[in-house]
1. Can you tell me the orientation of helix 84-98 relative to the chain, as the angle in degrees between its alpha-carbon axis and the longest Cα principal axis, to the nearest 10?
2. With +1 on each Lys and Arg Cβ and -1 on each Asp and Glu Cβ, how big is the dipole of region 259-343 about its Cα centre, in debye rounded to the nearest 20?
3. Which residue, L65, L149, L384, has the most motion in a Gaussian network model of the chain that connects Cα atoms within less than 10 Å?
4. Taking neighbour Cβ counts within 10 Å as the exposure measure, how do C379, C338, C166 sort from fewest upward?
5. Please check: in the Gaussian network model of the chain (C-alpha springs, under 10 Å), which one of T214, T83, T170 has the largest mean-square fluctuation.
6. Springs between alpha-carbon atoms under 10 Å, Gaussian network over the chain: tell me which of M107, M18, M297 tops the mean-square fluctuations.
7. Could you work out the relative contact order of region 3-255, using alpha carbon pairs under 8 angstrom and six or more residues apart, expressed as a whole percent?
8. Pairing the Cα long axis of helix 317-328 with the longest principal axis of the chain, what angle in degrees results, from 0 to 90 and rounded to the nearest 10?
Amino acid sequence: MNIVLIDTSLAGASGDKMVSAFASASGKSEDLKVSINSALKAIGRPDVEISFEHATSGEIGGLQLKVRDAEGAKDEGGIEARTAEDSLKTLGAAAESIGLRPAGKAMARRTMDLLIEAERAVHGTDVLHELGSIDTIIDIIGTFKAIELLGVGDCVFYTTPVAVGCGAATSSHGTFPVPAPATLSIIRRAGLPVTRTDVPHELTTPTGAALLATLTCGRTDTPPFRLSRGTVGNGIGRRELGFPNITRVITGEAILGTADEEIFIVETNVDDVDGEGLGWLFERLNGVAEDVCVVPMLTKKNRPGHIVMAVATSASVGRVIDAILDETGTLGVKVSTCRRLKVNRDERAVEVKISGKSYSVGVKTNLRTGCYKPSYEDCRRIALEEGIPLKRVVDLVRRQLPPKA
């Protein structure tokens, strides 16, 4: 598998749901429980113990993180006010004790840095309250250890738009609107997409947002992929929402032999451009647009006309628009974006002999099917030089290429 999609579109993301979702997907929740509890003892917190319990929410099953601690282990109200320096030191010790690899340690540190930066930006302090609790440490090291157990550390992570909820919530800073200011700060910095729901609860927490930001960098353009068998994990939240309170982790494989990219379709209708003008437009767009086509049609008042359509990339769309506006005199163009699934291909030059002469011909090979096609421009050049039909040149070139070139 090489793609991981974190589905936060229904009930958002919190630290406990994130670690539970990855634990569920890995199928190694018992190993993860032992590792986390061992790390807690190593950092001087034997009074805290975690487990993963099977639970359901809205008739969907998954794992739910349970944290148990001895009475009096936390400050009054269940909050540990700690400085950023103390939190980083504790996180580093816990990451070392749980055996995170260098990449996992770096991502855990980045997650805590995001939380600290958000606290500074919103409250102007280095003192962490809820974000400095042992729960936050557990959520962070647990998530990245679960990712290692799942074996997806080298995958590309994507997120859906994040449900954030609405209303108000209470913390050590008092009553605040949902999403919380710290959560919004992280979402803004990372460019995470959000979707507001009418659920009057905090669906996405600062820790959940920080984990999403670290893993996905705000990526939402998930390419087409096939799900891997047995690797869907559900993390169950504690609050009853009236619908499944879950964060899902979905893993899969990108469709082989293809690449996914964003392209632009530039289109206009014209009824007063003659064939020569359209031909010149084709020449203007040659080497600029990815593709161009002209479709005959009937316009208003039954006038014959043409639909001009060009495919452009983000780098060329401006020049494509300029060329169409300049050469057709149209009053406007329609521009739309879409995803293009493109088959990977190989392009190389091949030496062939025709009429006793050596020629270099470009060959494009479809890496998905192995089929190939000689370059039209090269074959055209040879046909003109030798004075023979183009089809004859193509046949001669194909005969000299190995099967599935």
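Derivation of every value follows stated rules applied to the coordinates shown; laboratory data play no part. The structure displayed is predicted, hence computed values, not measured ones. For neighbour counting, all protein chains shown are included, and Cβ atoms are generated from backbone atoms with ideal geometry for every residue, glycine included.
1. The helix 84-98 is inclined about 80 degrees to the chain.
2. Details: 9 positive and 14 negative charges, 68 e Å.
Roughly 320 debye, rounded to the nearest 20.
3. Most flexible of the set in this elastic network: L384.
4. On the way: C379 23, C338 9, C166 15.
Sorted ascending by nearby Cβ count, the order is C338, C166, C379.
5. Among T214, T83, T170, the largest mean-square fluctuation in the Gaussian network model of the chain belongs to T170.
6. Highest fluctuation among the options: M297.
7. On the way: 549 pairs, mean separation 88.3, N = 253.
Relative contact order for region 3-255 comes out at 35 percent.
8. Result, in degrees: 40.
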